[in-house]
1. So residue 443 ticks every box in (1) of a type outside the set (A, V, I, L, M, F, W, C); (2) in a helix (DSSP H, G or I); (3) under 29 Å from residue 201 (Cβ atoms) but one. Which box is left unticked?
2. Filter segment 277-287 down to the residues that are surrounded by fewer than 18 Cβ atoms within 10 Å (Cβ to Cβ) and either assigned to a strand (DSSP E or B) or free of Cβ contacts under 8 Å to residues at least 40 places away in the same chain (or both) and list them by number.
3. Go through 462, 511, 404, 428 for me and flag whichever is out of contact with any Gly (no Cβ under 6 Å at 6 or more places or on another chain) and within 14 Å of the ligand (Cβ to nearest atom).
4. Check off (1) within 16 Å of the ligand (Cβ to nearest atom); (2) in a helix (DSSP H, G or I) for residue 290 and give me the number that stays unchecked.
5. Within segment 210-238, count every residue that is over 26 Å from residue 33 (Cα atoms), crowded, with 20+ Cβ neighbours inside 10 Å and more than 16 Å from the ligand (Cβ to nearest atom).
6. If I ask for residues that are touching a helix residue (DSSP H, G or I) at 6+ places or on another chain (Cβ under 9 Å), farther than 11 Å from residue 334 by Cα and crowded, with 24+ Cβ neighbours inside 10 Å, which ones from segment 432-456 would you list?
7. Could you identify the single residue in 183, 171 that is aliphatic (A, V, I, L, M) and either over 30 Å from residue 374 (Cα atoms) or away from the ligand (no atom under 16 Å from the Cβ) (or both)?
8. Quick one: would you say residue 248 is within 22 Å of the chain's Cα centre (by Cα), away from the ligand (no atom under 14 Å from the Cβ), surrounded by 21 or more Cβ atoms within 10 Å (Cβ to Cβ) and β-branched (Val, Ile, Thr)?
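The values are calculated or read from the model by the stated rules, or taken from the named source; none is laboratory data. In this text, all values refer to a predicted model and were calculated from it rather than measured experimentally. Because the Cβ atoms are built from the backbone with ideal geometry, glycine has one as well, and the counts that use them run over all protein chains shown.
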Amino acid sequence: MNNSLITFPLPANEPVKACLEGSPERIALDKELDRQYNTVVEIPAIIGGKEVRTGKIAEVTCPTEHGHVLARYHMVGEKEVKMAIDAAMKAREEWSRTPWTTRAAINLKCAELLSTTWRARINAATMLGQGKNIYQAEIDSAAETCDFFRYNVSFASQIYAMQPKDAKNCIDHNEFRPLEGFILAVTPFNFTSIASNLCMTPVLMGNVALWKPSRTALLSNYYLMLMYKEAGLPDGVINFLPGSGELIGKVCTESHYFAGLHFTGSTATFNSLWASATKNLDNYISYPRIVGETGGKDFIFVHPSADPAAVAHAAFTGAFEYQGQKCSAASRMYIPKSMWPDVLERLKVMASQVKMGGVRDHDNFINAVIDEASFKRIEAQIENARGSKDAKVVLGGKCDRSVGWFVEPTVIETSDPKFKTMVEEIFGPVLTVYPYEDAKWEEAVKLCDETSPYGLTGSVFGKDRLAVEKISEMLCYAAGNFYINDRPTGAVVGCQPFGGARASGTDDKAGGPFNLFRWVCPRSIKETLVSPTDIFAAYPYIKR
Ligand code: NAD
């Protein structure tokens, strides 16, 4: 009998390990990298806890060595998606009634496993499969994933504690019901932590999920599934479905039991899923919760009072870490003309100091972009800039596909503030810079606000605090995560809840309590202690 009132205070963030040569974590990681590099894993679908092999096979390869196969996976068809809906709805009967502290315990156990015995395995899979170096894997697949598990438990305890006041002669309370159906989690390639969070947040709140992982993050995502099982997650609560997003999205949004979408990825994909849900609206039990974090065109705005050294550091790391494939990566910069030559010089020095290559050579700062489609898209944008009279490539620009999908850190300078690469999301290591007349900084701020349809992240640099305040105000809707004298990336769970509005999503903020509210439908309950019987009790002025 569990009748204790447990509260979970806000946790500390999971420390990022340094992985210095010779350290225990580095030895374990290198061993695991070798093991995974030399193994080809067979990845099945997992439905109702059972491994399902369809025989329709596709491959997972290394972005830094595209001829090297890491895994082969079984792609689901319509039949398996329908089986997964049935399995989820069956698991829901018990899971939705499981005490929330038990669900919390499973989340917290996931964090402990990942922090210890599973750390090297999930980091190595993220490095090899998604093309991350040690640090990028540590901050994502180890630290941030642990933080999501632990913080969400604390946020959930705050939500369950939100109770109304009692009036005289009655007891009032809120019951936070899970949604009446299943959640479809459609996850991106670029963060293992996001993939985990999109499934586990609704599940923590008592829901069941169908998980459509990205085909280019399958290895780490499959290992997460195995870890959830070891942590005690019951069969069928999450059903793992590698396969075509289009097909899985269609079958799920046509289901009577579709109750919500938890999505991170491109704006176009999110819009298409939202449109399918709208088309099928009459078929659902309830209005589905549609939560999506999507694209960005994240900016750095530099005021003339800024420190050029700090700007160059923010631009280089903000635009090029993980090859610019963070939704928050800086991809356009507005800078005073007088400061630009100095900052460009600093960027050139930094570029000459970093190496590019595979993830098993730990001296590489830059690795490869995720796949061929991405490589081609980035290459086309760079070629277009080379051929334009309004732009020039002033740093990098070389693309080499011979071994892996390698693109050099690239800076494009443009005289047109609406140049193609100032507007469109590229999702690669390309920063476009628009140098503006120093005295016209307010006009440049307006351009920054109006140039792109997105509103995800952005930052302002300046020592003039009043000017910074004015710029922050003028860019109020330009970014859901806004940084002052810092790069626009690197949000930390519990400190900077993440997400944007405009074409960047529904701004439901992963890493904060707001997101968890989307996965419950509260029931307000009033219990009257002594029920009235006299119909005139509330009408004392009526003469009887
Ligand atoms: P993507 O849209 O190509 O894919 C995301 C997921 O959707 C994948 O699992 C994919 O298989 C699936 N999918 C693709 N087409 C589908 C369809 N027609 N129906 C249903 N599902 C479909 O995005 P990606 O390349 O994995 O990730 C990059 C994008 O994600 C960028 O636009 C980036 O800005 C965005 N992103 C945003 C955030 C954020 O918090 N705002 C975080 C990470 C990534």
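1. (3)
2. Result: 278, 279, 280, 281, 282, 283, 287.
3. On the way: 462 fails: within 14 Å of the ligand (Cβ to nearest atom); 404 fails: within 14 Å of the ligand (Cβ to nearest atom); 428 fails: out of contact with any Gly (no Cβ under 6 Å at 6 or more places or on another chain).
Of the residues listed, the single one that is out of contact with any Gly (no Cβ under 6 Å at 6 or more places or on another chain) and within 14 Å of the ligand (Cβ to nearest atom) is 511.
4. Among (1) within 16 Å of the ligand (Cβ to nearest atom); (2) in a helix (DSSP H, G or I), residue 290 violates only (2).
5. Adding up the residues that qualify gives 3.
6. Matches in segment 432-456: 452, 454.
7. Working: 183 fails: either over 30 Å from residue 374 (Cα atoms) or away from the ligand (no atom under 16 Å from the Cβ) (or both).
Step by step, each of 183, 171 is checked, and only 171 is aliphatic (A, V, I, L, M) and either over 30 Å from residue 374 (Cα atoms) or away from the ligand (no atom under 16 Å from the Cβ) (or both).
8. Details: within 22 Å of the chain's Cα centre (by Cα): yes; away from the ligand (no atom under 14 Å from the Cβ): no; surrounded by 21 or more Cβ atoms within 10 Å (Cβ to Cβ): yes; β-branched (Val, Ile, Thr): yes.
So residue 248 does not fit the description; no.
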